[in-house]
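Worksheet: the structure to be examined is printed underneath.
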Amino acid sequence: MVSAIQHKREAFWFYRFLSIIYDQCTDLGTWTEAQRDEAVEDLNLNDRNLVVVDVGGGTGYTTTGVVRHVDAKNVTILDQSPHQLAKAKQKKQLKDCTIIEGDAEDLPFPTDYADRYISCGSIEYWPEPQRGVNEAFRVIKKGGRAVMVGPVHPTHWLSSLFADMWMLFPKEEDYIEWFQKAGFVDVKLRRLNPKWYRGARRHGLIMGCCVSGVKPISGPSPLELGPKREVVTKGVNPILFLWRCFLGFLGIIWYTVIPVYMWIKDKITPAGRPI
Ligand SMILES: C[S@@+](CC[C@H](N)C(=O)[O-])C[C@H]1O[C@@H](n2cnc3c(N)ncnc32)[C@H](O)[C@@H]1O
């Protein structure tokens, strides 16, 4: 079963509204600059001339971390939301980047095109995560590196219920399996946490895992997949769409309360103790 917002049309409408305040929420919430910089570090940007694609790049929050290490003219931001991309276009440090609309499961780049692929906080909306990971594999060159950041599944029963209602919260082993199945080698997983979570993961995290891998051969992924499950131009059943929006809304409320709860716990629990 796929969760409420793990559909392209629903994700589009979600970001139609969230794009208005997205950049104000990031550093306050569970996707801090420190977490983002850890993810960018895993990309190993050791040359300013590297060609980089940021998939599901949104307002360019991650890309602004990338362009500190590589020339902006070599960086492409791709997203399915024109509203998110409009915010990226306003950022001075991204003015030389290429900014395009597109689908993470069907990238408009040639095979073996880029040196690096990064995607942060987007996989949870993809109806077929394996297809998106295969695309990451296809578009980078032999020896290139891909980094993907996404949520981590809660172990707490109530958080688990709300997480599953809202969007995809994969388990750590799912990320590793998708990367290995796509053909990546040297697959590594780094746990991300805002500092004030003190490593607690029972309620899950919206940005909790950073998985990376290296492409060992040229060409597309050896894992062949059938036809795409979701074709956006087909339209959606409006009742189903509203039902998913309602479930998604409940999930969002819960995951607004949880970071505040964890923040208060961090403030009142003596230093050095787990929360
Ligand atoms: C949480 S935001 C992350 C934005 C940015 N990467 C960051 O680090 O702040 C998720 C983004 O994924 C995009 N997205 C969701 N599904 C997508 C798809 N199938 N193809 C491309 N982008 C997608 C959304 O429009 C949104 O901008």
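All of the numbers you see were taken from the coordinates with simple rules; none came from a lab. Given the structure is predicted, the values throughout are model-derived calculations rather than measurements. Glycine also receives a Cβ, built like all others from the backbone with ideal geometry; neighbour counts cover every protein chain displayed.
Full extension of the chain between Lys73 and Phe241 yields a length gain of 56.6 nm, computed as 0.36 nm times the residue separation minus the alpha carbon distance. Candidates Val52, Tyr261, Tyr22 compared by Cα position along the dipole of the chain: farthest toward the positive end lies Tyr261, with charges placed on Cβ. In this structure, no residue pair taken from Lys87/Lys141; Lys73/Lys215; Lys8/Lys188; Lys8/Lys89 has a Cα-Cα separation over 32 Å.
Hey, could you grab the Kirkwood Rh for segment 133-275? Inverse mean 1/r over distinct alpha carbon pairs, Å, one decimal. Don't skip to the end; give the middle numbers.
Details: mean 1/r = 0.0573 Å⁻¹.
One decimal place: 17.5 Å for the Kirkwood radius.
Pairwise Cα distances in segment 38-80 exceed 15 Å for 32 percent of all pairs. Here is what passes the span test in the chain: the DSSP H helices with alpha carbon length of 30 Å or more along the helix axis and a Kyte-Doolittle mean of 1.0 or above are 238-268.
Magnitude of the charge dipole for the chain, about its Cα centre and with charges confined to Cβ atoms of Lys, Arg (+1) and Asp, Glu (-1), is about 480 debye.
At a 10 Å Cβ-Cβ cut-off, how would you order Ser19, Ser218, Ser119, fewest neighbours first?
Working: Ser19 20, Ser218 11, Ser119 25.
Placing the least packed residue first, the sequence is Ser218, Ser19, Ser119.
Net charge of the neighbourhood of Ala114, taken over other residues with C-beta under 11 Å away and scored Lys/Arg +1, Asp/Glu -1, is +2. Averaging the sequence gap over all C-alpha pairs within less than 8 Å and six or more residues apart, then dividing by the number of residues, gives the chain a relative contact order of 21 percent.
When peptides 164-175, 185-196 are ranked by their average number of other Cβ atoms within 10 Å per residue, the highest-first order is 164-175, 185-196.
Listed highest first by mean packing, meaning other Cβ atoms within 10 Å per residue, what order do 219-230, 6-17 come in? Show your work: numbers first, answer last.
Details: 219-230: 12.3, 6-17: 18.7.
With the highest mean Cβ count within 10 Å placed first, the list reads 6-17, 219-230.
Considering only the other residues whose Cβ falls under 10 Å of the Cβ of Val66, what net charge follows from Lys and Arg at +1 and Asp and Glu at -1? Kindly include the intermediate steps, with their values, before the conclusion.
On the way: positive: Arg36, Arg68, Arg116; negative: Asp54.
Result for the neighbourhood of Val66: +2.
Rounded is the label for segment 8-268, because the ratio a/c of its alpha-carbon gyration tensor axes (a ≥ b ≥ c) stays below 1.5.
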